[in-house]
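Undergrad: Below is one structure. I have some questions about it.
Throughout, read-outs are computed from the coordinates displayed, never taken from laboratory work. Note that the coordinates shown come from a computational prediction; the quantities given were computed from them, not determined experimentally. Ideal geometry is used to build each Cβ from the backbone, glycine not excepted, and the neighbour counts take in all protein chains shown.
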Amino acid sequence: MAQTNLNGQNGQTAHPKIAKNVLGSPLTACCFEPLTGYFRDGYCNTNASDYGTHTVCAVMTKEFLAYTLSKGNDLSTPKPIYNFPGLKPGDKWCLCALRWYEAYKAGVAPKLILEATHQKTLAYVPLEVLKEYDVED
């Protein structure tokens, strides 16, 4: 029997305790307030239906929020219909791996929490680059 996740989608994702982060250890939570993640469960977990690969746990900055807005993705404005609170600097959020990498190349990438960044991110961004932006450094 398939389990249903918080989004109501059937069994397409690993349980967060089973998923691995970019360091090879169990994926930890990114943020519960605001509630982030593709599945809105606090984890940067993913599955085949997550076309944006929302796997990067990042700490928002004013520069990044302005950058992503300039690319047509407004993460600052609340959208109650989608249960989206709008983000402000300091909030943690599961970003699309490719958008984070694009921001990195533009010099405005936010810091990351590697323990909460899903290993699938490594398909798009080298670990050495991710380590440069570890919030612990």
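Undergrad: Give region 76-99 a look and list any residue that's among the aliphatic types (A, V, I, L, M) and touching a Leu at 6+ places or on another chain (Cβ under 8 Å), or say none.
TA: Residue satisfying the conditions is L87 alone.
Undergrad: Taking the options T46, T55, name whichever one is in contact with a Ser or Thr (Cβ under 6 Å, 6 or more places away or on another chain), within 21 Å of K120 (Cβ to Cβ) and part of a loop (DSSP other than H, G, I, E, B).
TA: Every option except T46 fails the conditions.
Undergrad: Between a first residue in region 55-71 that is within 21 Å of A29 (Cα to Cα) and a second residue that is part of a strand (DSSP E or B) and among the aromatic types (F, W, Y), which pairs have beta carbons less than 9 Å apart while being 6 or more apart in sequence or on different chains?
TA: Pairs found: V56/W93; C57/W93; A58/W93; V59/W93; M60/W93.
Undergrad: I would also like to ask the following. Of the residues L69, L130, L65, L95, which single one is assigned to a helix (DSSP H, G or I) and either in contact with a His (Cβ under 7 Å, 6 or more places away or on another chain) or under 15 Å from N21 (Cα atoms) (or both)?
TA: Being assigned to a helix (DSSP H, G or I) and either in contact with a His (Cβ under 7 Å, 6 or more places away or on another chain) or under 15 Å from N21 (Cα atoms) (or both) holds for just one of L69, L130, L65, L95, which is L130.
Undergrad: If you take the residues in region 91-137 that are buried (at least 20 other Cβ atoms within 10 Å of the Cβ) and aromatic (F, W, Y), which one is nearest to the chain's Cα centre (by Cα)?
TA: W93
Undergrad: Residues to consider are K120, K88; find the one that is assigned to a loop (DSSP other than H, G, I, E, B) and among the charged types (D, E, K, R).
TA: On the way: K120 fails: assigned to a loop (DSSP other than H, G, I, E, B).
So the residue among K120, K88 that is assigned to a loop (DSSP other than H, G, I, E, B) and among the charged types (D, E, K, R) is K88.
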